[in-house]
Structure formats: C-alpha cells, structure tokens
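Here, each number is a calculation from the coordinates, and none is a lab measurement. Not measured: the values here are computed from a predicted model. FYI the Cβ positions are ideal-geometry reconstructions off the backbone, even for glycines, and counts take in every protein chain you see.
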Amino acid sequence: GGQGYFDLVVLPPLLQKISDIAPHITVNLKSYEDDHFTPSQVLSEREADLFLAALPISHPSIVTTQVAEEALVVVYAKNHPRLGSTLSFEQFFAEKHTALTSRRFGNYLFSSLVDQVLPARRVHYQSESMLNLMATASVTDLLCFTPKRLADMWAEKLGLQIQPLPFEIRSVPTFMCWHKAKQQDKGLIWLREQIEAILCANPQSI
C-alpha cells in the first residue's frame with residue numbers, strides 16, 4: 001500500500017523483477033488516499049503487507065524504516081512561452097503552478113522541507129496524481145514540482161524540461177512500514193529487499 005506516486009515508480013520495475021525471478025507471484029500495489037485511511041489501520045487490519053509513505057508511521061505495532069530520499073525538481077513544457085533553459089526564483093513565483101491535493105504529502109513538502117519563508121504560489125490546477133500534474137504542465141504554461149525520479153522517467157515522453165528548484169529544499173524521505181507480526185516473514189523480507197533495491201537505484205538504471 002501507499003500513495004499513488006509509489007505505484008508509478010515502484011510497481012513497473014518490481015513486476016519486471018518478479019517476472020524474471022518468480023513468475024508465479026502476483027503483486028497488488030494499492031493506492032490509499034490519506035483522506036480515507038490511517039496507514040497503521042491498513043497494516044494492522046492486514047489490508048496490506050507493506051506500506052510506503054513520505055511520513056513515518058508512529059504506532060507500537062508498526063515497524064518503520066527509511067529506505068530512500070527523493071530529490072525535488074520543477075518541470076515545465078519545453079515550449080513554455082516565457083521560460084527557457086534556466087529558472088530564477090522570481091520567475092518561479094511569477095508563473096502559475098500545479099499542486100498536489102493530498103494534504104498529508106502536499107502540505108508536508110512546503111511545511112517541513114523548506115526553512116525560508118516563501119511567497120505564495122499561484123495554483124491554477126490541482127490533482128491527487130503527480131503524473132496528471134506533469135501531463136498538464138506539458139500542454140500548458142503551468143509549472144509542476146515533482147520528485148526527480150518521476151521527472152527522469154516521464155520528462156522526455158511528455159516533452160518537459162527539468163530544472164532544479166530555485167530555492168533550498170530538502171529531499172523527501174521514503175519510509176517502508178510493516179506490522180511487527182510480519183517481521184520474520186521470509187516472503188515479506190524478500191519483497192522488502194526488492195523494493196528497497198528499486199528505490200535506492202538510479203531510475204535510469206532500472
């Protein structure tokens with residue numbers, strides 16, 4: 001289980017690995033939206049064996065470990081009418097933006113990862129899907145900030161330009177969580193190892 005972002009970056013290479021190593025195993029990566037669940041409930045009620053999240057789960061029955069960090073970048077259309085191959089602080093906040101609607105993940109990015117006080121962004125489109133945000137940015141003049149891993153995977157296909165964010169922002173941690181009752185489950189240990197290897201790899205080498 002986890003946010004939809006992990007469905008995009010983990011599931012395809014994981015399915016390929018499983019197809020090569022254990023073709024009879026099936027995997028269901030279910031996206032849980034944070035308005036309708038708590039991750040500890042998902043794991044405690046055995047709705048999922050593993051949970052991937054940008055925030056740690058603080059619960060006595062849940063094991064949480066950080067397995068990776070996701071750097072953030074900004075993407076916009078290669079044919080953007082006002083922006084070229086560089087992006088300044090002033091240009092970033094003068095342009096219109098997309099925004100992730102997930103309260104848990106979206107607000108976390110700005111409230112916890114940025115130390116300086118930033119101007120308000122001019123948000124003109126919101127979605128629960130980062131891929132939807134990127135696709136919209138590719139056919140409009142909107143800016144989209146997104147994990148670099150996802151940008152590297154989709155920028156060329158969508159006709160997007162990738163630029164570093166013009167202000168200091170920390171990387172987003174990725175946490176893997178599971179129920180303590182599953183700590184010694186050999187199948188789950190194997191699955192955790194596969195997912196961690198994917199998240200720690202360079203996306204272009206997967």
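Quick notes on this structure:
- Entries of K157/K180; K148/K186; K17/K96; K17/K157; K148/K182; K17/K180 with Cα pairs more than 29 Å apart: K157/K180; K148/K186; K17/K96; K148/K182
- In the chain, helical runs assigned H by DSSP with n ≥ 4 each contribute -39500 (n - 2.57); averaged across all residues and rounded to the nearest 500, the mean residue ellipticity at 222 nm is -9500 deg cm²/dmol.
- C177, C200 arranged by Cβ crowding within 10 Å, fewest neighbours leading: C200, C177
- Computed over the range 72-164, Kirkwood Rh from alpha-carbon pairs, angstrom: 13.3 Å
- Angle between the chain longest axis and helix 11-21 axis [Cα atoms, degrees, rounded to 10]: 40 degrees
- Sites excluded, GluC sites (Glu not before Pro) in DSSP loops with at most 10 other C-beta within 10 Å, longest stretch of the chain: 46-167
- Taking every alpha-carbon pair in the chain and binning the separations at 10 Å intervals from zero gives 8, 33, 34, 18, 6, 0 percent.
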